[in-house]
Amino acid sequence: MKSADVAALRRGLDGQVLIPGEAGYDATRTVWNAMVDRRPAVIARCASASDVAAAVRFARANALEIGVRCGGHSVAGMSVPDGGIMLDLTPMAAVRVDPERRLARAQGGALLGAVDRATQPFGLATTAGNVSHTGVGGLTLGGGMGWVARQHGLTCDNVLSFEVVTADGELMCATESDNPDLFWGLRGGGGNFGVVTDFEFRLHHIGTAALVAELYYPAQDATAAMRAWRDLIPHAPRRATLTAWVGTAGVWPFLPPELHGRSVVSVGLVWVGDPSEGHDQITVLRSATPAAAERIRELSYLELQTMDDDREGHHQRRYWKGHYLRALDDAAIDAFIGRGAPAGTDEPDLLPAASLQAYGGAIADVADDATAFAQRDALVEFVASAAWTDPAEDEIRMANARSYGAAIEPFASGAYVNALADEGAQGVRRAYGAAKLARLGALKHRYDPENVFHLNHNIPPVTTE
Ligand SMILES: Cc1cc2nc3c(=O)[nH]c(=O)nc-3n(C[C@H](O)[C@H](O)[C@H](O)COP(=O)(O)OP(=O)(O)OC[C@H]3O[C@@H](n4cnc5c(N)ncnc54)[C@H](O)[C@@H]3O)c2cc1C
């Protein structure tokens, strides 16, 4: 790459161009997972769809690998190429709402919090994930699970149109009627088909209130509590999303001191809607097994959507293992509670925490072949997440998360593409299954035959001729 070419790129963009050593370069290449420390040769801070198109053409002319950054929350840090070009979409972060028509438009670099903040003054929302600094781009393109998904479907189910820059730098629109094959692939197929510069979402009237319940159990009561919780999943109303968690308790004021520093399980739910109706569900949950402690919070929907922002904040080292489970039998519950630890281990500090989040409801109403997302029959999503700060712990933390993932895998039915880390092609196969992957491969061949967009959970192009 010649400096004259970079100078030409600078002149051609509305946004900024950064190369190593320039002010802002290091801050822009830094993403959520502190394990990711890669150095793009050039960063194009795109301010418009035409900037994105120019940057894609520049990348191809200079044979540079392309990383596409929205929220920067891909666990594997897919958006940051070593030596390539990073298309930083964060300057394109605007959200516009049409409350009458219940529509929102979000630019390709918007964060989830911007969508919620723009829609909630009208009591409206579309499905968004649980941490507000996550990007609309990556989350929507891989599926998008959130607290109203059981009522209104995944985030990708609520997209009405995409504006996309394709691999040859053309701007296209994809809707149910305009390029419907691309519209299908963008709803679950990840960043494989182009750079989305604008999303149009359907909004729903959800009100502004929410309720969160967590009931905590020590190890000896965890099995009974988890089994009772599991039996409630098929009967839960759509406004409730059942949740479970296992991890090492901190010095939390709502827990008895004897549980601090111990492995504990919590079961609970998140309710979106009138809290007084949600309390009935907590009564059902509570009646099964007496808890050691409870944490019940009535809060606004915006508070719900930001309540984990600090705990899931930037600058920590991270590693995940995720699975979907179609059923949660007693052996799977034992594996969940065991945290992948060797039998007899009583040293929970270095073990990952894990969550279960119930699917079903409107997610399962959508026909399997209607979108590229492939796991609509999941009962629950499992994610084991390790977070630490000391690089000396990298190996043990990742090994423990892998052991935990391996302990759950015999019970799993697939994987969520947005929770994949370093599973490579095998993870992509687990996310889509053979038939859908074949259809996606043919679509990839149509829109990106040279696999220009390959820094993602990659779908290789497949020729059908
Ligand atoms: C703290 C945290 C909480 C999470 N919570 C949830 C949750 O509640 N529900 C859920 O479903 N998932 C959740 N996830 C997973 C999340 O969906 C993925 O990590 C997702 O990739 C994040 O998208 P991003 O835009 O922030 O990431 P980025 O790293 O910026 O992008 C990831 C990839 O997506 C593609 N991409 C991003 N934007 C575009 C675009 N505009 N056009 C084309 N391609 C694009 C690129 O291939 C890129 O490499 C969470 C992740 C984290 C770290």
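The values are calculated or read from the model by the stated rules, or taken from the named source; none is laboratory data. Every value quoted in this text rests on a predicted model; they were computed, and no experiment measured them. As a convention, Cβ positions derive from the backbone with ideal geometry for all residues, glycine included, and neighbour counts pool all protein chains shown. Surface accessibility is based on the protein's heavy atoms, side chains included, excluding ligands, DNA and RNA. Shrake-Rupley method; radii C 1.70, N 1.55, O 1.52, S 1.80 Å.
Structure notes:
- Hypothetical label at HIS235: residues of segment 257-290 whose amide nitrogen lies under 17 Å (7 Å Cα-Cβ projection): 268-269, 278-290
- Simple spin-label estimate for ALA367 and ASP221 in nanometres, 7 Å along Cα-Cβ: 4.8 nm
- About its Cα centre, the dipole of the chain is roughly 500 debye, where the only charges are +1 on Lys and Arg Cβ and -1 on Asp and Glu Cβ.
- Estimated 222 nm signal from helices in the chain, with DSSP H stretches of n ≥ 4 weighted -39500 (n - 2.57), rounded to 500: -9000 deg cm²/dmol
- Lys, Arg +1 and Asp, Glu -1 on Cβ, resulting dipole of segment 303-405 about Cα centre, debye, nearest 20: 260 debye
- Pairs of Cα atoms in segment 168-327 fall into 10 Å distance bins, from 0 up to the last occupied one, in shares of 8, 27, 30, 20, 11, 4, 0 percent.
- Length-normalised contact order for the chain - Cα pairs under 8 Å, 6+ apart - percent: 16 percent
- Phi angles of segment 435-449 translate, via the Karplus equation with coefficients 6.51, -1.76, 1.60 and θ = phi - 60°, into HN-Hα couplings of 5, 5, 5, 5, 5, 5, x, 5, 5, 4, 4, 6, 9, 8, x Hz per residue; Gly and Pro are given as x.
- Exposure ranking of ARG227, ARG57 by accessible area [1.4 Å probe, largest first]: ARG57, ARG227
- Helix 394-408 and the long axis of the chain differ in direction by around 70°, with both axes built from C-alpha atoms.
- Simple spin-label estimate for SER276 and SER48 in nanometres, 7 Å along Cα-Cβ: 5.3 nm
- Surface analysis of the chain yields an accessible area of 39 Å² per residue, using protein heavy atoms and a 1.4 Å probe.
- Over segment 209-424, relative contact order from alpha-carbon pairs under 8 Å, at least 6 apart, %: 27 percent
- Segment 323-376 versus segment 1-75: alpha-carbon centroid distance in Å: 36 Å
- The length gained by stretching the chain between VAL284 and ASP82 to full extension, at 0.36 nm per residue less their Cα-Cα distance, is 67.5 nm.
- Rounded Å value of the spacing that divides the Cα centres of segment 248-307 and segment 126-191: 31 Å
- For segment 3-88, with +1 on Lys and Arg beta carbons and -1 on Asp and Glu, the positive-most of GLY72, PHE58, VAL36 along the dipole: PHE58
- Of the whole protein surface, GLU395 contributes about 150 Å² of accessible area at a 1.4 Å probe radius.
- In degrees, nearest ten, helix 49-61 long axis to first principal axis of the chain (Cα): 70 degrees
- Accessible carbon and sulfur surface of the chain relative to its total accessible area, %, 1.4 Å: 51 percent
- Cβ-Cβ distance of ARG102 and ALA4, R₀ of 45 Å, FRET efficiency by 1/(1 + (r/R0)^6): the value works out to about 0.35.
- Dipole axis of the chain (+1 Lys, Arg; -1 Asp, Glu on Cβ), positive-most option in TRP271, SER3, THR208: SER3
- Relative contact order of segment 3-88, pairs being alpha-carbon contacts under 8 Å that are 6 or more residues apart, as %: 33 percent
- Degrees separating the helix 275-288 axis from the principal Cα axis of the chain, which is the longest one: 50 degrees
- About its Cα centre, the dipole of segment 95-206 is roughly 520 debye, where the only charges are +1 on Lys and Arg Cβ and -1 on Asp and Glu Cβ.
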